[in-house]
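Report on the structure given below.
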Amino acid sequence: MRVSPPHTPARGGALHASRHRTPLLLPLLACLLIAFGTVARARQDEDEVVRVTSDLVVLNVTVTDAHGQYVHKLKRTDFKVFEDGREQRVGLFSVEETPFAAAILLDTSGSMESRLTLARAAAIRFLEGLREEDVAAVYHFGSRVEQLQDFAPGRDLPPVAYDLSSKGMTALNDAVLQAAQDISKRPEKRRAIIVLSDGMDTKSGATAEKALNAALMANATIYTVDMSSPLLNAPERMRAAGSLKNFAAKSGGRYVSKPGGQALDDAFKEILEELSNQYTLGYRPESPVRDGRWRSIQLKLSRSDLKARTRDGYRAPKS
């Protein structure tokens, strides 16, 4: 019996099939390369400073008189806004006492061991001062950031907050960044981030600049309470305070140097009153160049006897 040899495709046929497959593979490889490049660029962008992506620049402005009292009944024409020295047209103007959203950041790192109870008490004092229509979220941070309570009208810390212990390193910048990203999704026009920390960041993946610009992008004002121990040496306290002061000053907020007692009570009362008595202004830059540079903001009032406070600039988007 004759057995036929197994069929083997001709070499020419194999080459012919390969030529047919090659045009199909080229577009697939091109798509993969484009996708890889897109992911790489996205990762690079994540590492850069968070920038304002909307053309509308919003300012929450606090106006006080010579005695520190809040001034009401000002009009749109009483305000002049300058960006990099050029006057801007104010298109958004609001004076209503609208609700605000606040994110409270509680430092529970190892360096807060002797101050954690005091920080918890400070957070409770702030929550107790909220109005019915205001909402607050609570976070704690050590080596990582965790949200303990989502934005809600509650007037007390969540029960889990009382079981926290001080441990780990201090991811302050990461905490501000996450709070800013979360609060940016809120419908309230007025937004605040309250930081209760000793100010010594030792862990964050984000820089202070990236965290600050995320807060500016979210139109959030940062208020910082210095919880550093009085036992720290002068250079360490100055460095810690410098970080907290920078967040507050550049966002138009306030730095509180007294972590407890009547001074803190008074400071929180003033902050809550301030958030309820602000003017909201908005403008679209006259020269919307997308170069990623810092834009300086200067606000002038029609009355020289009044003082206005708001953020001093923002990071422009980059094409």
Open item on the list: What do you get for GluC sites (Glu not before Pro) in region 205-297 restricted to DSSP loop and a cutoff of at most 14 other Cβ within 10 Å of the site's Cβ?
Closed with: Glu286
Task: Fully extended contour minus Cα-Cα distance, from Thr207 to Lys80, at 0.36 nm per residue - done: 42.5 nm
Task: region 198-249, Cα convex hull volume normalised per residue, Å³ - done: 76 Å³
- [ ] Taking a cut-off of 21 Å between Cα atoms, list the lysines near Lys73, but don't count ones fewer than 8 places away on the same chain.
- [x] Lys189, Lys300, Lys307
Open item on the list: Below 8 Å between Cα atoms, with a sequence gap of 6+, how large is the relative contact order for region 171-319 in percent?
Closed with: 21 percent
Open item on the list: Give me the percent of accessible area attributable to carbon and sulfur for region 137-257, probe 1.4 angstrom.
Closed with: 53 percent
Task: Sparsely packed trypsin sites (Lys or Arg not before Pro) within region 175-219, loop by DSSP, other Cβ within 10 Å at most 14 - done: Lys185
Task: Where only alpha carbons of region 69-202 are counted, the Rg and the Dmax (Å) - done: 17.8, 52
Open item on the list: Counting just the Cα atoms, what span does region 156-217 cover along each of its three principal axes? Round to the nearest Å and put the largest first.
Closed with: 34, 30, 15
TODO: Using Cα pairs closer than 8 Å and at least 6 residues apart in sequence, work out the relative contact order for region 260-319, in percent.
DONE: 34 percent
- [ ] Output the Cα-based Rg and Dmax of region 266-319 in Å, rounding Rg to one decimal and Dmax to a whole number.
- [x] 15.0, 45
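The values are calculated or read from the model by the stated rules, or taken from the named source; none is laboratory data. Computed from a prediction, not measured in an experiment: that's the story for all the values here. In this analysis, Cβ positions are derived from the backbone assuming ideal geometry, glycine residues included, and neighbour counts consider all displayed protein chains. These area figures cover heavy atoms from the full protein model, side chains too; ligands, DNA and RNA do not enter into them. Shrake-Rupley method; radii C 1.70, N 1.55, O 1.52, S 1.80 Å.
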